[in-house]
Structure formats: structure tokens, C-alpha cells
1. Which order, highest average first, do 221-234, 185-198 follow once you tally other Cβ atoms within 10 Å for each residue and take the mean per peptide?
2. Label segment 186-276 by shape, choosing from rounded, prolate and oblate, from the square roots a ≥ b ≥ c of the eigenvalues of the Cα gyration tensor; if a/c is under 1.5 it is rounded, and otherwise prolate applies when a/b is larger than b/c, oblate when it is not.
3. Given R₀ = 41 Å, what would the calculated FRET efficiency be for residue 221 paired with residue 143, taking r from the Cβ atoms and rounding to 0.05?
4. Once a ≥ b ≥ c are taken as the square roots of the eigenvalues of the Cα gyration tensor of segment 287-456, is the result rounded (a/c under 1.5), prolate (a/b larger than b/c) or oblate (a/b not larger than b/c)?
5. Show me 403-414, 253-264 ranked by packing, highest mean number of other Cβ atoms within 10 Å first.
6. With the cut-off at 1.5 for a/c, could you classify segment 379-435 from its C-alpha gyration tensor as rounded, prolate or oblate?
7. At a 10 Å Cβ-Cβ cut-off, how would you order 95, 378, fewest neighbours first?
8. Any idea what angle helix 95-108 forms with the longest principal axis of the chain, computed on alpha-carbon atoms, 0 to 90 degrees, nearest 10?
């Protein structure tokens, strides 16, 4: 299937070509086909709708909104277009308008499960998890789609309803089937395994593994040998935990075991409610690596502050949680403050670009990335800093697990773990949360954190 544009083509054939290109993720070509066909069939609402779908896939939200609105002027009783408009309005953080559009779609087609599901997603984006649960319930009355259960799990967990949230959280295995591989043993659900072996399997991201690692000691206390599979960047950190008998690096052959459990299923075994969250530090910085890296973060008569401005760029939701380095420099490049960059991956290019533009000696940031080969190195570095300020990513979990002070800068509806209100979290008592008043209110977040940092920094003559 190609995106070549025929001179004349019936609208129905164009829609088929657009759909095929969209499924192949060739969105720009799909938009071109739609626009060519619209030049011939300008009053075809389905073509305008298809154009909007492809524009949304390219994150061209304003153009997609305009396309859907034209489609609705041509056919205001098409529930699919109303729901599609609601979806892109949600993406654009116009959440109240998004909810209104989804309710209109439900009025037109109340038995369609997807419309109730989309309403729930918009309500979650608007910070209304309780209302979202009701929408997800209605969707599940009409369809057993595991995607709805997964989204409802996040709503329950955001509300702190762990008893209902953890079972729904297991729906992730229905939503995203695991890669085919031989996994030894039977699924472990918290029973004693004295004299036997429990294998904890890798899944999800670095931060998820660090977060769930708090349960290794409790799992070990119930039985014999505890083996943990993890990515190589985490292996030295996990290997140093007293409760872990052996580490298997992801990609290595799995050993025989009587029981197995995925790492993010451990909280469901041990934490039925918020009161049972183990919040004490459970990781330790390596003394030998701290000594080797120590001179990089040596005292300079200033408060030593680490910064991270972006999580993994491969994570679809990163655009909602990451900001630019410039925002950190405006807020935290202050007198009596020395900044240390802990940023890894492509966003580190921003620091290198600023250094080229201003001159390396004129940027008040020490780049520690070349010294951070794994999370054990990062643990050594942050243990020598006074504070870490960052947006949501794995280093925040690392600092919290070490019991070190970390300020987490959040967007309006962050990951469920951080709930929706409050400055602290029972998951990490050493962490402080800075929250905005609305979506993308980063100026307010950075203003509050900057003022707090000024109040804590050494004054003149300190």
C-alpha cells in the first residue's frame, strides 16, 4: 500500500487507503491522501474525521480539532466523530470540553462501550478518578475489554483503593501479552516457600523495579532462595540488597524455580491499604563508588543540587512529565547553589547545546552523565548531594529508596503513585511533591520550588 495520489478516487476507496496507511503508522501520507480526496469530496464528514484521526496521530492537535469540527458541521449526529473530538481535546488538555464531547457521543450511542471508556479517560485527565471509575464500570458492563480494566486499575490506585486496584492491575498481562519464553514454576501469590526458590521476573521500567524492590525483604522472609531478574543497569544495585540471593540479568537464561512472580505484582501481595506501605529506606549507596566519584560533587561552599529534567523519551507519556533544561536554569541557577546534571539519554543534548551556546564555563551545571554507567553509580552520586530536584523518572524512585531528599516537580495529573493532592507521599518519606494548579502550569511549580530553594540555600557569608 502506497500513498500515491490518484487523479480521481471515490471517497470510500480513499477511506480504505487512509485506514491502511494509518495502521502502518504512515500518518503524513494518510493525511495527504485525505486532503487530496477532500479536494474532490469536501462535504464528506467521514473523510474529515479520517483526516482528524491521522493528524492526532502526528500530535497536531489543533489541526485535528479543526478537522473534527468541520466533520460535525456536516454530520452532527455521528457519535464516533464526537468521541474522536473528545479524545483530541483531552490530548490538548481541554478536559472539560473533552468530557462534554464524550457525553454527547454517549447520548447518541449509549450502548457503545468505547464511548464510556473514552469518557473515563477524559475524566482521569481532568483529575476526577471517582467519576472515571463509574464511566469505566459502564464500559465494562458492555464489554470485557482488558484496556478498560487497566485504566480502571489506575483510577482505583490513584484513589488509594488498593483492595480493588491491585487485582485490576494484573490486567496488564491481558493487555500486553508478555514475550513468549519459558517461565519456570507456578505463579506465587504470597504463600510460604521454605526450602524452595522464588523467581521475581522483570517488567516495566527502571522506576517501577526500584519502587517494587521494597518488597524483596518481605518476600525473602517467607521462604528460601530469592532470585531477581532485572535489566543490567539495575543489576549491581539489586545485587547489593541483603534479601536478594541472586540476580539474573535480563536476557540470560532463567534458572529453575518452584515459584515465579512479576516484580510489579509484589505490592498486591503485601500492601492491601496505604497504612501497610513500607516507607523506610531499603537501598544503600555503595561506599566504594561514592569515594571514587566524590570529588565531582565535592563541597564548594554552596548547596549541592542534582537536577533531572526528563524521563525516558521512549515512554509515550513523557511529554506530560518532562520540561526543558532552560526551566531548571531559570529557577535554580541561583547564588550559593551548585547544580549537577544527572540527566541521561537524548535530553542530555540540551545541556551540551547550552554549553556550546554560552561557553562551558558559563553554564552553572556540572555534567555527571559520563560517570553514571548504572544506577549504582547514580546512587553513589546522589548520596553526596544535598538535594535532587527533578521531574518524574527513575532517579526520583532511587533517591526515595535511599531515603535522600528529593523534590519531585509534577504536572496536573501525574502517575497514580503520587495521588492528586498533598506535598508528601507514604511511598517515600524523604520526597516532597510540587504540584500545579492546572495542566502545564510549570511556571507555578518552578516558582514555588525556586522560592523554597532560596529559603534553604546558604545566605551571604554562610
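Please treat every number below as a calculation from the coordinates, not as lab data. Keep in mind that what you see is a predicted model, and the values were worked out from it rather than measured. Counting neighbours? That spans all protein chains shown, and the Cβs are built from the backbone with ideal geometry, glycine included.
1. On the way: 221-234: 18.6, 185-198: 14.5.
By packing density, highest mean first, the sequence is 221-234, 185-198.
2. Working: a/c = 1.57, a/b = 1.11, b/c = 1.41.
Oblate, since a/c reaches 1.5 and b/c is not below a/b.
3. On the way: r = 41 Å, r/R0 = 1.01.
Calculated value: 0.50.
4. Values: a/c = 1.41, a/b = 1.24, b/c = 1.14.
Rounded, since a/c falls under 1.5.
5. On the way: 403-414: 22.0, 253-264: 17.6.
Result, highest mean first: 403-414, 253-264.
6. Details: a/c = 2.06, a/b = 1.85, b/c = 1.12.
Because a/c hits 1.5 or more and a/b exceeds b/c, segment 379-435 counts as prolate.
7. Working: 95 23, 378 29.
Taking fewest neighbouring Cβ atoms as first place, the list is 95, 378.
8. 40 degrees
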